[in-house]
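**Q** Quick one: this structure, given as structure tokens, is what I'll be asking you about.
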Amino acid sequence: MPHPERLMVIVLFDRVDLLDISGPPEVFALLQREMEAPCGYQVLLAAESLDPVTTAAGVRVLPDIRLDSLQHQAIDTLIVPGSVDTDAKGRVQALADPAVVQWVQTLAGQSRRVASVCVGAHILAAAGLLDGREATTHWSTAAQLAQDHPGIRVDADRIYIQQGHIWTGAGLTTCLDLALALVAEDFGNTLAMRVARQLVMFLKRPGGQSQFSVMLEPLSSTRRMDKLRQYIAEHLGQPLSMPDLAEQMHVSDRQLARIFKTELGMTPAAYLEAARVEAARQQLEATDAPLERVAQTCGFNTTDTLQRAFRRQLGTTPGQYRSRFRTPAE
């Protein structure tokens, strides 16, 4: 039996990120390929006019419909992509054009479900749709989102977050993860898994697999912190107590805690655990080393400690992580 038609509207505007608008329709098209009957998805690119829109990649895209033509029309899913501006120093700033924000605010009231892709979360936030909610966005603009909208609980480490009928997605390629999650909600995990196989990707990165490496983010603002982080990375298999780390920086334990909070936004213990989980992830992806050895070399000492840390950091187990992300030897 054909499924009832679901109008999937993707908001289109100048300098939008190309993958944000092309990724979800590709997932929906592959879904149709996997189904015997029409899936019911109708995907429309909607802009203020029907003139070609130039994306951030320089590729021009033709809208299917004008935004004002959608007023008073029932929308199943409103998908909001994003765009950024970069200054001379390479710093990224998410953009939220007031006209686009107004249209999103209007059309969200007609939509069963609203989803932002990457920095599109900033547009949802400006439209007041994320107030009091937990949300994610690309890691490079997460601090901006939290600063501009203190009423939002920003989690920069999640691939996507669902809060009721509002979904937010993280970095550029995670638009595929988000679109697969929408498919799974509408048609179940089995069909979503088949689409994921067509994309040669996993249905869901375990526990919202981290967007970035703890060794790279957040950036340190002082050379002495960089040196300490390098020291930690080279000595993860050792106990690394608070006094040990304080001695490396020639400060007191209390000063060390303040420095970590100021520069990295976390405690020394939290950073150590994150760094050890990151090192363990790399071993699980690249080697067949037993869990006992991984735990020892990464400073967890026991597999139980390793298991608990993975649960806290990634919401999965080391075994499950390895089964999904182990890179076969060539």
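The values are calculated or read from the model by the stated rules, or taken from the named source; none is laboratory data. The shown structure was predicted, so the numbers you read here are calculated from the model rather than taken from an experiment. Glycine also receives a Cβ, built like all others from the backbone with ideal geometry; neighbour counts cover every protein chain displayed. Just so you know, the surface numbers come from the protein's heavy atoms only, side chains and all, with ligands and any DNA or RNA stripped out. Shrake-Rupley method; radii C 1.70, N 1.55, O 1.52, S 1.80 Å.
**Q** Cut-off 10 angstrom, C-alpha nodes, Gaussian network model of the chain. Which of F187, F13, F310 fluctuates the most?
**A** Between F187, F13, F310, it is F187 that shows the largest mean-square fluctuation.
**Q** Something else: Over the range 64-206, with the other protein chains present, what is the accessible area per residue in square angstrom, probe 1.4 angstrom? Write down the numbers at each step before the final one.
**A** Details: 6040 Å² over 143 residues.
Result: 42 Å² per residue.
**Q** Tell me the angle of helix 174-187 to the major Cα principal axis of the chain, expressed in degrees between 0 and 90 and rounded to the nearest ten.
**A** With both axes taken from Cα atoms, the answer is about 60 degrees.
**Q** Mind checking which of V294, G132, P318 is farthest towards the positive end of the chain's charge dipole, using Cβ charges of +1 (Lys, Arg) and -1 (Asp, Glu) about the Cα centre?
**A** V294
**Q** What does the charge add up to near G164, with Lys and Arg as +1, Asp and Glu as -1, over the other residues with Cβ less than 10 Å from its Cβ?
**A** Once positives and negatives cancel, what remains is +2.
**Q** If you roll a 1.4 angstrom probe over the protein chains with everything in place, what fraction of the accessible area of the chain belongs to carbon and sulfur, to the nearest %?
**A** Solvent-exposed carbon and sulfur of the chain make up 50 percent of the total.
**Q** Then there is this: Around A74, under 13 Å between beta carbons, what's the net of Lys plus Arg minus Asp minus Glu among the other residues?
**A** Charge balance near A74 sits at +1.
**Q** What is the sum of charges around L95, taking Lys and Arg as +1, Asp and Glu as -1, for the other residues whose C-beta is under 9 Å from the C-beta of L95?
**A** Every neighbour counted, the sum reads -1.
**Q** Now a separate question. Quick check of the Kirkwood formula: for the range 221-330, what is the inverse mean of 1/r over all pairs of different Cα atoms, in Å?
**A** For the range 221-330, the Kirkwood estimate is 14.7 Å.
**Q** Just to confirm the number: angle between the C-alpha axis of helix 223-234 and the first principal axis of the chain, 0 to 90 degrees, nearest 10?
**A** 80
**Q** Write down the Å³ per residue value for the convex hull defined by the alpha carbon atoms of the chain.
**A** 158
**Q** Anyone know which of T77, T174, T55 comes out most mobile in the 10 Å Cα GNM of the chain?
**A** T55
**Q** While we're on this one: Starting from the Cα-Cα distance between R224 and Q320, subtract it from 0.36 nm times their residue separation and give me the gain in nm to one decimal.
**A** 30.9 nm
**Q** To the nearest 20 debye, what is the magnitude of the charge dipole of the chain about its Cα centre, counting +1 on the Cβ of each Lys and Arg and -1 on the Cβ of each Asp and Glu? Walk me through the numbers before you get to the answer.
**A** Numbers: 32 positive and 37 negative charges, 166 e Å.
Here the size comes out at about 800 debye.
**Q** Compute the long axis of helix 303-314 from its Cα atoms, compare it with the longest principal axis of the Cα atoms of the chain, and write down the angle in degrees, 0 to 90, nearest 10.
**A** Tilt relative to the chain: about 40 degrees.
**Q** If you put +1 on each Lys and Arg Cβ and -1 on each Asp and Glu Cβ, how big is the dipole of the range 13-53 around its Cα centre, in Debye rounded to 20?
**A** Roughly 100 debye for the range 13-53.
**Q** Relative contact order for the chain: what percent, with Cα pairs under 8 Å and sequence separation of 6 or more?
**A** The value is 12 percent.
**Q** Moving on. Given a 10 angstrom Cα cut-off, can you work out which residue in P63, P25, P38 is the most mobile in a GNM of the chain?
**A** P38
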